[in-house]
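S.K.: After the structure tokens below, expect a handful of questions from me.
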Amino acid sequence: MYDLLSALHMFHTVAFIFFVAVYVARLIWLFRLRSPKDFSRRKGNPPKGIATAFALLFMPWAMESTRKHWPLYLEFGFFHTGLGLAITISFLLAYAPHLLTPPVNVIFAVFVAAGLVAGLLRMARRLARPEMRLISVWDDYFAIFMVNLFLFTCIFAL
């Protein structure tokens, strides 16, 4: 049993190092690209504009699209919260399994299950709505399928 756990721990560590290496390489490549020339005049405060754009995510009342389509905002929130917790669980299982007590497992499982339901709704909408099918490519379907599969297996890992 110990050999299997140590092998899984080693595999998780190697996979994480590979993940970090790929993202660092990607960031290096992106930062080496030339940014397009911006010919518009500056107006306002750019740092404040950037902060506001990011803060709008947590202020749904400030966006008209969210006010009109609040179930989609809730779906977005549940999906990303479930995904964030699933990623957290993958680290806790590998490095601190003692923190995953039965009450914690139940709370995490409920949120991950809500994320899975939201992910399945996103997939169904993408398949059902003609305008979504028109702008979707195979990569969109594959990505949402893989994320939903990850959320599904995470529930059973708990």
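S.K.: By how many degrees, between 0 and 90 and to the nearest 10, does the Cα long axis of helix 2-32 differ from the longest principal axis of the chain?
M.R.: For helix 2-32, the angle is close to 20 degrees.
S.K.: Now, a different point. Using a 1.4 Å probe on the protein heavy atoms, what percent of the accessible area of the chain belongs to carbon and sulfur?
M.R.: Solvent-exposed carbon and sulfur of the chain make up 74 percent of the total.
S.K.: Give the shape of the range 1-70 as rounded, prolate or oblate, defined through the alpha-carbon gyration tensor: a ≥ b ≥ c are the square roots of its eigenvalues, a/c under 1.5 means rounded, and otherwise the shape is prolate if a/b is larger than b/c and oblate if not.
M.R.: oblate
S.K.: Taking the chain as a Gaussian network, where each spring joins two C-alpha atoms under 10 Å apart, which residue of His80, His12, His69 fluctuates the most?
M.R.: His69
S.K.: Please state the shape class of the range 1-117: rounded when a/c is under 1.5, otherwise prolate if a/b exceeds b/c and oblate if not, all from the C-alpha gyration tensor.
M.R.: Here the range 1-117 falls in the oblate category.
S.K.: Pull up the cross-link candidates among the aspartates and glutamates for Lys68, meaning alpha carbon to alpha carbon under 20 Å and not fewer than 8 places away within one chain.
M.R.: Qualifying aspartates and glutamates at Cα under 20 Å: Glu131.
S.K.: Could you state the angle between the C-alpha long axis of helix 138-157 and the longest principal axis of the C-alpha atoms of the chain, as a value from 0 to 90 degrees rounded to the nearest 10?
M.R.: 40 degrees
S.K.: Excluding ligands and nucleic acids, what accessible area in Å² is computed for Ile28 using a 1.4 Å probe, to the nearest 10?
M.R.: Around 90 Å² of this residue is reachable by solvent.
S.K.: Further, regarding this structure: Can I get the semi-axes of the range 59-158's equivalent ellipsoid? Compute them from the C-alpha gyration tensor as square roots of 5 times the eigenvalues, in angstrom, largest first.
M.R.: After scaling each eigenvalue by five and taking roots: 28, 17, 10 Å.
S.K.: Another question, if that's okay. Could you give the angle, 0 to 90 degrees to the nearest 10, between helix 70-95's Cα long axis and the longest principal axis of the Cα atoms of the chain?
M.R.: Helix 70-95 and the main axis of the chain meet at about 40 degrees.
S.K.: Quick one: accessible surface of Glu131, probe radius 1.4 Å, all protein chains present, in square angstrom to the nearest 10.
M.R.: Roll a 1.4 Å probe over it and Glu131 shows about 90 Å².
The values are calculated or read from the model by the stated rules, or taken from the named source; none is laboratory data. Predicted, not measured: the structure shown is a model, and the values here were computed from it. SASA here: full protein model, heavy atoms, side chains in, ligands and nucleic acids out. Shrake-Rupley method; radii C 1.70, N 1.55, O 1.52, S 1.80 Å.
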